[in-house]
Amino acid sequence: HVLSFPSRTLLFQQWAAPRQFATISGVGASQHALLLAISVTTSALLINLVDSWRLAYFIQGGSLVIQLIAWIVVAKENLAPQAQIQTTLMEEPSHPLDTLKAYPQGWMLSLTGFGLSATWTALVTFLPTLWADKYDIPIVIGGVLLGFLYFVLVPGCFFSGYVSRRTHNRGLLLWIPAVLNVILGIAITLTPNAYGIAALLTCMGLLWVVVPIWHVMPFEFPGIRPREVAVVSALFWTFSALGFAMGPLITGFVSDMTGSLETGLIVATMATSIGVVSGLLYTRFSNRHQVKTKFL
């Protein structure tokens, strides 16, 4: 995964035109959401069916073999429209730290990714336990409910390209989802009704329609080069992965300290608030860098 994240930006430039980046990213996110929805909603059922979580894990892991075969068959580098990208990369100077200093908006984008990721994994990890202990919702039903996080993403991500073309102020795509994520995360944690939970989870899943656009926003930084895009992308995925790891950690720590799983989930959800601030700053840094670039 670590190797694949920055490689995506290079694959985009090798196989597609810039106007297609957001659409391709959206299609990939839609496929990702479909696989997650199937996995989350059927895992408990599959474990019960085969009577072994280990065997169920191996069955799901078989999908990686299918993915490997698809890459070998489809992504043949000698057929890429922009095969010369490798030469371009070799000619570029490589100073990752300079890139991270030159584009502060990359840090704002990454911090927003951290916040949303932390909330997502906190809820996915602990909501079934909360539902079972407090509301007597069986784990199997809980798995189906979590699937509502992903169901809307499957068709929704196909519209990422359209949203990208219609939204010129990129900061809006950061701080608005961050605000709504905090509100929805708290509401989901406090809602005892399964139908209400399903509706709220669907709304939260819809927020992630903007994430495929985040993946390609580094391409828009003024004057950025292919190798620099990979560096900023790596920064974004590093913070997102850190958020995925920290969400359950924060929840568990606060729950142990307070004796309340609800409190732990609410505190983890509030971590998304950092995305509100960083989203508002994103436009400021982008405009400043744009003016500087034009002046030079």
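The values are calculated or read from the model by the stated rules, or taken from the named source; none is laboratory data. No experiment lies behind these values; they were computed from the predicted model shown. Backbone-built Cβ (ideal geometry, glycine too); neighbour counts: all protein chains shown. Just so you know, the surface numbers come from the protein's heavy atoms only, side chains and all, with ligands and any DNA or RNA stripped out. Shrake-Rupley method; radii C 1.70, N 1.55, O 1.52, S 1.80 Å.
Screening Val232, Val277, Val267 for residues that are at pLDDT 85 or above, closer than 14 Å to Pro104 by Cβ and either among the polar types (S, T, N, Q) or surrounded by fewer than 22 Cβ atoms within 10 Å (Cβ to Cβ) (or both) leaves exactly one candidate, Val277. Please determine whether any residue of region 206-221 is over 17 Å from the mean Cα position of the chain (by Cα) and either surrounded by 23 or more Cβ atoms within 10 Å (Cβ to Cβ) or β-branched (Val, Ile, Thr) (or both). Checked against the condition, which is being over 17 Å from the mean Cα position of the chain (by Cα) and either surrounded by 23 or more Cβ atoms within 10 Å (Cβ to Cβ) or β-branched (Val, Ile, Thr) (or both), region 206-221 yields no hits at all. Per the listing Ile250, Ile197, the residue uniquely in contact with a Ser or Thr (Cβ under 9 Å, 6 or more places away or on another chain), at negative phi and at pLDDT 85 or above is Ile197. Could you say whether any residue in region 224-236 is closer than 15 Å to Thr121 by Cβ and among the polar types (S, T, N, Q)? Checking region 224-236: not a single residue is closer than 15 Å to Thr121 by Cβ and among the polar types (S, T, N, Q). Looking across region 183-205, the residues that are open to solvent by less than 20 Å² (accessible area, probe 1.4 Å) and either under 16 Å from Thr272 (Cα atoms) or in contact with a Phe, Trp or Tyr (Cβ under 6 Å, 6 or more places away or on another chain) (or both) come down to Gly185, Ile188, Thr189, Ala198, Leu201, Met204, Gly205. The requirement of being open to solvent by less than 50 Å² (accessible area, probe 1.4 Å), in a helix (DSSP H, G or I) and not hydroxyl-bearing (Ser, Thr, Tyr) is satisfied by Phe5. Residue pairs whose Cβ atoms lie under 6 Å apart, separated by 6 or more positions or on different chains, with the first residue in region 207-221 and over 18 Å from Thr99 (Cα atoms) and the second open to solvent by less than 10 Å² (accessible area, probe 1.4 Å) and not in a helix (DSSP H, G or I), do not occur. Region 93-175 holds helices (runs of 4 or more DSSP H) entirely within its bounds, and those carrying 1 or more residues that are modelled with pLDDT of 90 or more, among the hydroxyl-bearing types (Ser, Thr, Tyr) and touching a Leu at 6+ places or on another chain (Cβ under 8 Å) map to 105-135. Taken over region 97-136, the criterion of being of a type in the set (Lys, Arg) and more than 30 Å from Gly223 (Cα to Cα) is satisfied by Lys134 alone. The requirement of being part of a helix (DSSP H, G or I), modelled with pLDDT of 80 or more and more than 14 Å from the chain's Cα centre (by Cα) is satisfied by Thr23.
When the criteria are applied in full, Thr258 fails the requirement of being modelled with pLDDT of 85 or more and surrounded by 19 or more Cβ atoms within 10 Å (Cβ to Cβ).
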